[in-house]
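Chemist: Let me begin by handing over the structure; questions about it come next.
The values are calculated or read from the model by the stated rules, or taken from the named source; none is laboratory data. These numbers come from a predicted model, not from an experiment. Neighbour counts run over all protein chains shown; Cβ positions are idealised from the backbone, glycine included. Accessible surface areas use protein heavy atoms only, side chains included; no ligands, DNA or RNA. Shrake-Rupley method; radii C 1.70, N 1.55, O 1.52, S 1.80 Å.
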Amino acid sequence: MGTETKAEKKQIIFSGMQPTGVLTLGNYIGALKNWIHLQDNYHSLFCIVDLHSITLRQDPAVLRKRSRELLMQYIAAGLDPEKNIIFYQSHVPAHSELAWILNCYTYMGELNRMTQFKEKSEKNEANINAGLFTYPVLMAADILLYQADLVPVGDDQKQHLEITRDIAQRFNNIYGEVFTVPEPYIPKVGARIMSLQEPMKKMSKSDDNENAYIGILDEPNRIRNKVKRAVTDSLGVISYNDDQPGVKNLLNIYCSLRGETVESALSHFEGKGYGDLKKEVGEAIVDELTPLQDRFKELEKNKDYIDQIIKTNGEKANQLAQRTLQKVQRKVGFPSRI
Ligand code: TRP
């Protein structure tokens with residue numbers, strides 16, 4: 001990252017996912033697939049945010065397993081670990097250190113307004129811990145440590161990005177230009193993929209009903225069956241509108257994966273029934289995910305290769321993070337190290 005001239009300086013992208021649950025087709029179309037397109041034009045960091053995960057109780061063995069699986073799914077989906085920095089948040093202590101400092105520049109009132117905190121605390125009344133409350137500050141630290149210009153996030157994270165910007169600006173106002181103030185990155189294409197069972201709700205890996213989502217590692221027949229069971233409507237006509245959310249969702253999946261426009265898909269399905277639509281959507285998903293699943297299986301066998309990636313990418317992230325952290329420590333007045 002050091003040798004470019006200003007004119008060709010690539011922007012920095014940071015994004016992350018929690019290693020809880022399997023990745024769904026929704027995560028794949030809404031996030032991962034877009035990230036793959038970004039990797040040539042940006043310096044990208046993709047983080048497995050395990051520190052964030054422990055705001056809800058996790059089984060340690062499962063968390064460890066899922067973290068590694070998420071990293072392998074990133075790579076299997078096509079993120080190149082040579083071009084991008086793919087790493088575990090917990091391997092870079094600077095995230096926790098900067099989060100502490102930023103906690104002291106964030107107001108209780110701001111955090112109290114976070115809708116995700118309110119939702120999560122209603123769901124987990126027995127464990128409303130301080131980490132859940134300061135979750136957005138850790139997220140701000142993730143982003144600001146790497147001087148990210150752009151952050152691809154879904155709707156549910158926009159408020160967290162907003163607070164990140166507020167914290168960065170507040171800090172810069174006191175100490176000078178320490179942080180890049182990040183912008184949300186909204187991909188040009190890519191529909192929001194909805195639940196197959198309740199198409200007004202987002203497809204979610206934490207859904208209790210497994211038929212509501214496609215896991216990107218689901219077996220082909222499981223995928224076909226889930227699509228076959230997808231909720232549609234009784235109109236029996238394939239058209240694209242909000243009164244037919246189930247059909248609309250299937251068309252969105254079809255278009256995203258086959259690279260077609262809605263118009264061309266509609267003419268393709270003209271006169272056909274929901275059975276045909278489901279069959280073709282199922283095949284489109286299987287065609288897309290099979291190569292990814294094959295690569296995943298290969299990576300699973302390649303323990304040393306994955307270990308090496310974890311090590312070298314962790315080192316790269318640590319190096320970048322240290323630059324910002326040390327600057328911040330100096331600015332706030334901590335004694336320098338000799
Ligand atoms: N909070 C995000 C989510 O649950 C994950 C996340 C953590 C993240 N740190 C981030 C996303 C930084 C983007 C940038 O989806």
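Chemist: Looking at Ile143, Ile101, which one is within 16 Å of the ligand (Cβ to nearest atom), assigned by TED's automatic domain parsing to the domain that holds His160 and assigned to a helix (DSSP H, G or I)? Lay out the reasoning, then the answer.
Modeler: Details: Ile101 fails: within 16 Å of the ligand (Cβ to nearest atom).
Among Ile143, Ile101, only Ile143 is within 16 Å of the ligand (Cβ to nearest atom), assigned by TED's automatic domain parsing to the domain that holds His160 and assigned to a helix (DSSP H, G or I).
Chemist: In region 150-184, which residues are open to solvent by 40 Å² or more (accessible area, probe 1.4 Å), within 13 Å of the ligand (Cβ to nearest atom) and outside any helix (DSSP H, G or I)?
Modeler: Selection gives Glu183, Pro184.
Chemist: Report, by residue number, each residue of region 10-57 that is in a strand (DSSP E or B), more than 11 Å from the ligand (Cβ to nearest atom) and either open to solvent by less than 10 Å² (accessible area, probe 1.4 Å) or not assigned by TED's automatic domain parsing to the domain that holds Ile85 (or both).
Modeler: Listed by number, the residues that qualify are Thr24, Ser44.
Chemist: Residue check: is Glu82 within 14 Å of the ligand (Cβ to nearest atom), over 29 Å from Lys331 (Cα atoms) and without any contact (Cβ under 8 Å) to a residue 24 or more places away in the chain? Spell out how you get there, then give the answer.
Modeler: Working: within 14 Å of the ligand (Cβ to nearest atom): no; over 29 Å from Lys331 (Cα atoms): yes; without any contact (Cβ under 8 Å) to a residue 24 or more places away in the chain: yes.
No.
Chemist: Answer yes if at least one residue in region 109-122 is assigned to a helix (DSSP H, G or I), open to solvent by less than 50 Å² (accessible area, probe 1.4 Å) and polar (S, T, N, Q), and no otherwise.
Modeler: yes
Chemist: Does Gly176 satisfy the criteria of being at pLDDT below 95 and touching a Lys or Arg at 6+ places or on another chain (Cβ under 8 Å)?
Modeler: no
Chemist: With the condition kept exactly as written, say whether any residue in region 117-132 is over 29 Å from Lys316 (Cβ atoms), among the hydroxyl-bearing types (Ser, Thr, Tyr) and either more than 14 Å from the ligand (Cβ to nearest atom) or not assigned by TED's automatic domain parsing to the domain that holds Arg66 (or both).
Modeler: Yes; the residues of region 117-132 include at least one that is over 29 Å from Lys316 (Cβ atoms), among the hydroxyl-bearing types (Ser, Thr, Tyr) and either more than 14 Å from the ligand (Cβ to nearest atom) or not assigned by TED's automatic domain parsing to the domain that holds Arg66 (or both).
Chemist: If you don't mind, there's one more thing I want to ask. With the requirement that a residue be within 16 Å of Leu289 (Cα to Cα) and charged (D, E, K, R), what does region 20-70 give you?
Modeler: Result: Lys33, Glu69.
Chemist: Mind checking which residues of region 199-214 are within 21 Å of Cys255 (Cβ to Cβ), charged (D, E, K, R) and either in contact with a Phe, Trp or Tyr (Cβ under 8 Å, 6 or more places away or on another chain) or more than 16 Å from the ligand (Cβ to nearest atom) (or both)?
Modeler: Lys201
Chemist: So Leu196 fits all but one of (1) open to solvent by less than 20 Å² (accessible area, probe 1.4 Å); (2) farther than 30 Å from Asn41 by Cα; (3) within 14 Å of the ligand (Cβ to nearest atom); (4) of a type in the set (A, V, I, L, M, F, W, C); what number is the exception?
Modeler: Evaluating Leu196 over (1) open to solvent by less than 20 Å² (accessible area, probe 1.4 Å); (2) farther than 30 Å from Asn41 by Cα; (3) within 14 Å of the ligand (Cβ to nearest atom); (4) of a type in the set (A, V, I, L, M, F, W, C) leaves (3) as the failure.
Chemist: Based on this model, can you work out whether Val137 counts as within 12 Å of the ligand (Cβ to nearest atom), open to solvent by less than 20 Å² (accessible area, probe 1.4 Å) and within 20 Å of the chain's Cα centre (by Cα)?
Modeler: Answer is yes for this residue.
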